[in-house]
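Structure, as structure tokens:
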Amino acid sequence: MSETFSGRQGCRLCPRNCGDKVSASGIGICGVPRDLMIARAALHFWEEPCISGSRGSGAVFFSGCSMHCVFCQNSDISGNLDDITGKVISRERLTEIFWELREKGANNINLVTPDQYLPDVAWAVRKAKDEGFDLPFLMNCSGYEKVESIKALEGLIDIYLPDFKYMDPEVAARYSSAPDYPEVAKAAIAEMVRQCPVQEFAPETDFSKKNIDISHETEENGSSCTSVDEDERTALIKKGVIVRNLLLPGNVMNSREVVKYLYNTYGDSITLSLMSQYTPMPGIEKRFPELSRRVRVSEYRKVVDYAIRLGVTNAFIQDREVAKESFIPSFNYEGVERQ
């Protein structure tokens, strides 16, 4: 692992290349120092059904984020150090947490926004695997990743769960100060698919079909868009790539272009997750009034219907009821410290 990747000479882990982690007290755009910080490590039941299953995903929420999307629902842990939620742990402790989540029944280890700690995360994952850890590791990230960083994770990450937030550079600039997001995400996802080109599933004990009834009939033609093949709908993903897109109010065209690019590039070899759960956070109406409302049913239907017309058959869709703040976890340090 190179010095550039390890952050010893100034952080270059993400496309921001801020270089502000030269010293132990240095703070980068991600809002955190070099020390490994997490805010929660617990079973999580609100991911895609093939990830959460009935027992839950072992989600480790890392503090800090290089994106700083204005609509972020996890702002308690993605802000700046002076007001961020998180506790410093060692990489050895992180490996212990993986095992503890396994003991609690987790289906997988879900690394939520680990970008700013990739050297330590890679070390902890490798140690766990060397010890015989048998659950898949999942990288849950923004899609705004450097190809070099993703390449350094080859053989360590089994499932990639990136966002593809923006196809429109102007929208990316307005909401995430990242006009280069589309091209960066395209390259990063290409590397993820190179590493995990085939989706693999295995059944979960007591995983009821009623938990993943995500079929959708359109008003126009009655066709449906479902998660995976019908005979695998009770399965957990063990290997592969799932790409998320969160529809933002008034941004149907942006989401449609994301879907178009992903399907034209990868077909059904990856799973799309088309999300309607956008929830306006308090105060956003002051700076971004267009984001002060939930997504309309008609807007979301346009995106789903467009995906179906393209030929997408491997996708998750959401009910409107998921757009609730109750789905935001409590960052109360559960599972962080040794019991």
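Nothing in this text is a laboratory measurement; each read-out follows from the coordinates by a stated rule. Since the structure is predicted, the reported quantities are computational estimates derived from the model, not experimental observations. Neighbour counts run over all protein chains shown; Cβ positions are idealised from the backbone, glycine included.
Using the Cβ-Cβ distance between Asn17 and Ala173 with R0 set to 22 Å, the FRET efficiency works out to roughly 0.80.
One chain, two ends: Asp130 and Trp46. Fully extended at 0.36 nm per residue, the span grows by 27.3 nm beyond their Cα-Cα distance.
Which links in Lys104/Lys302; Lys127/Lys165; Lys165/Lys302; Lys151/Lys286; Lys87/Lys286; Lys165/Lys238 stretch past 29 Å when you go from one Cα to the other? Table pairs above 29 Å Cα-Cα are Lys104/Lys302; Lys127/Lys165; Lys151/Lys286; Lys87/Lys286.
By the beta-carbon count within 10 Å of each Cβ, the least crowded to most crowded order of Val336, Val147, fewest first, is Val147, Val336.
In the range 109-153 the Cα-Cα distances spread across 10 Å bins starting at 0 as 25, 59, 16, 0 percent of all pairs. Put in line by how crowded their Cβ is, counting other Cβ atoms within 10 Å and starting with the fewest, Trp123, Trp46 read Trp46, Trp123. Scaling the Cα radius of gyration of the range 64-165 by the globular reference 2.2 N^0.38 Å produces a ratio of 1.09.
Compared with the alpha-carbon gap, the fully stretched path from Lys238 to Arg309 is longer by 22.7 nm at 0.36 nm per residue.
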